[in-house]
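The values are calculated or read from the model by the stated rules, or taken from the named source; none is laboratory data. Owing to the predicted nature of the structure, the values given are computational and were not obtained by experimental measurement. Here Cβ is always computed from backbone atoms with ideal geometry, including for glycine, and neighbour counts include all displayed protein chains. All accessible areas refer to the heavy atoms of the entire protein, side chains included, with ligands and DNA or RNA removed. Shrake-Rupley method; radii C 1.70, N 1.55, O 1.52, S 1.80 Å.
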Amino acid sequence: MVVPSTLDPALAAEIEASVAEGFADQVAHTQALVRFASLRGEEHACQDYVFGAFRARGYATERFAMDRAAIAAHPGGSKIDEAHHSDAPIVVCHHRPQTETGRSLILQAHVDVVPPGPLDLWSHPPFDPVIEGDWLYGRGGGDMKAGHAANLFALDALARLGLQPAAAVTIQSVVEEESTGNGALATHLRGYRADAVLIPEPEDEKLVRANTGVLWFTVEVRGVPVHVREMGAGANAIDATYRVIGALRELEARWNAEKAAHPHFESEDHPINLNIGKIEGGDWASSVPAWCRIHCRVAIYPGVTAAQAAAEIEAAVASFSRTDPFLANSPPRVVFNGFFAEGYVLEEGSEAEAVLGRAHERAIGSPLQSFMTAGYLDTRVHALYDRVPALCYGPTSQNIHGFDERVSLASVKRCTTAMALFVAEWCGTERRPG
């Protein structure tokens, strides 16, 4: 049975109108975020802009550095690559009501984006937020600066009506989502908690029901360099690495064959994806390469620990190497250097999901659907370690992590409306002071 919304229909209509009234400013704010080339380790200027936007609205705003030692000591901490891990600050703002009558909420988003790749393959420069029809183009527009802006503008829609949440709301702007998830974990370690969490990643106006964990690792092979005229006397590290990749593909196939044992994954064609994302090696075209290194990413099922999966990866590489004439005497080195994060399942039946479902149906006109996604999500921190309903729900996008990344503005407007309605019912509302 669907429980009717506790939100007054007249107020709901006012909130919808208020989101529409502020939407041009919301789009402009999103474009401003996209203009920052906030690649890993280069998010500082973007976070400064976010800090100013939070403070300009009168929120108590802070910035703090990630505590790397605390992250490393936590079971959910991903591996810290000292050469590449971002040192950009986490930016957080706090709303506190006059009278606490509602349920508290964390709204979270990340500003870090993945590299754009060859620029000539983009229709527009990746950090030039061009609008064509319904689409806003730009790296990070979908993943997830449109959602980042929606967090702020959902509250703006209430403020325009002279209202504010009648519960504590914390808005968190994090980094490292695309490589470790340690930014979200840093907010957990800082002690921020709420009765529910909403993260508006680009999820095609659906709710994520289950999410894989993710591991990052490198495999390095050392060869025996000789001149190519004597190639048979040496050992080609790049060729040997390809053989190791074959062994990793066998592990990937074995994990996919286990999908029937994992609810929410059993009907997926290929839920576990291994990506060889980067390869480097060799020093000279006319020398048999002495080294090769591959950078890999693989998903794991919820309930499988990162340590367990890592041990299986190491065992698969070692077992294959013992059968290879060269690698048996020169075993590859496996290093985990980023994501070491476990997956989660959002259990059905929470009141937070019910409230979001009602808000979604009013804003979008159809029942809220849920699905499994095989990418990393920061909601894992709140689901696994806060143990509260962690809702990942956001707008329709295309080509995230690809060329011509774009987000549907109509979808952003609908999702922002749903989010504002959700905040109003979940937190309740009260008159703004003054």
**Prompt:** Excluding ligands, DNA and RNA, what is the solvent-accessible area per residue of the range 1-69 at a probe of 1.4 Å, expressed in Å²?
**Reply:** 52
**Message:** I'd like the distance separating the alpha-carbon centroids of the range 420-434 and the range 274-299, in whole Å.
**Reply:** 53
**Prompt:** Just one of [x] 125; [y] 526; [z] 145 is volume of the Cα convex hull per residue in Å³ calculated from these coordinates, so which is it?
**Reply:** [z]
**Asked** Arg243 versus Glu258, label points 7 Å from Cα toward the beta carbon: distance in nm?
**Response** 2.7
**Prompt:** What is the dipole size for the range 1-56, taken about its Cα centre, with +1 at each Lys and Arg Cβ and -1 at each Asp and Glu Cβ, in debye to the nearest 20?
**Reply:** 260
**Message:** With a 1.4 Å probe and all protein chains left in place, how much accessible area per residue does the range 90-231 have, in Å²?
**Reply:** 30
**Item:** Förster-model FRET efficiency, 25 Å R0, Glu100 and Asp25, C-beta, rounded to 0.05
**Value:** 0.25
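Multiplying the sequence separation of Ser330 and Asn273 by 0.36 nm and subtracting their Cα-Cα distance, what value in nm do you get?
Working: separation 57, 0.36 × 57 = 20.52 nm, distance 2.77 nm.
Length gained, Ser330 through Asn273: 17.8 nm.
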**Asked** So, in the chain, how many Lys pairs have Cα atoms under 21 Å apart, if the pair is 8 or more places apart or on different chains?
**Response** 4
**Request:** Please give the calculated 222 nm ellipticity per residue for the chain, where each DSSP H segment of at least 4 residues contributes -39500 (n - 2.57) and the sum is spread over every residue; nearest 500 deg cm²/dmol?
**Result:** -10500 deg cm²/dmol
**Fill in**
Between Arg160 and Ser123, Cβ-based FRET efficiency (R0 35 Å, step 0.05) works out to 0.50
**Request:** Taking 7 Å along the Cα-to-C-beta vector as the label spot, tell me the Ser350-Ser286 distance in nanometres, rounded to one decimal.
**Result:** 6.3
**Request:** Could you work out the relative contact order of the range 124-271, using alpha carbon pairs under 8 angstrom and six or more residues apart, expressed as a whole percent?
**Result:** 13
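Would you please classify the overall shape of the range 359-422 from the alpha carbon gyration tensor, given that a ≥ b ≥ c denote the square roots of the eigenvalues, rounded means a/c under 1.5, and beyond that prolate means a/b larger than b/c while oblate covers the rest?
Here the range 359-422 falls in the oblate category.
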**Asked** So what are the range 95-154's ellipsoid semi-axes, whole angstrom, largest first, if each one is the square root of 5 times an eigenvalue of the alpha-carbon gyration tensor?
**Response** 34, 13, 7
**Item:** Protein accessible area in the chain, 1.4 Å probe - carbon and sulfur %
**Value:** 52
**Solvent-accessible surface ranking, highest first, for Phe320, Phe339 at 1.4 angstrom** = Phe320, Phe339
**Message:** Pairs of alpha-carbon atoms within less than 8 angstrom and 6+ residues apart define the contacts here; what relative contact order does the chain have, in percent?
**Reply:** 25
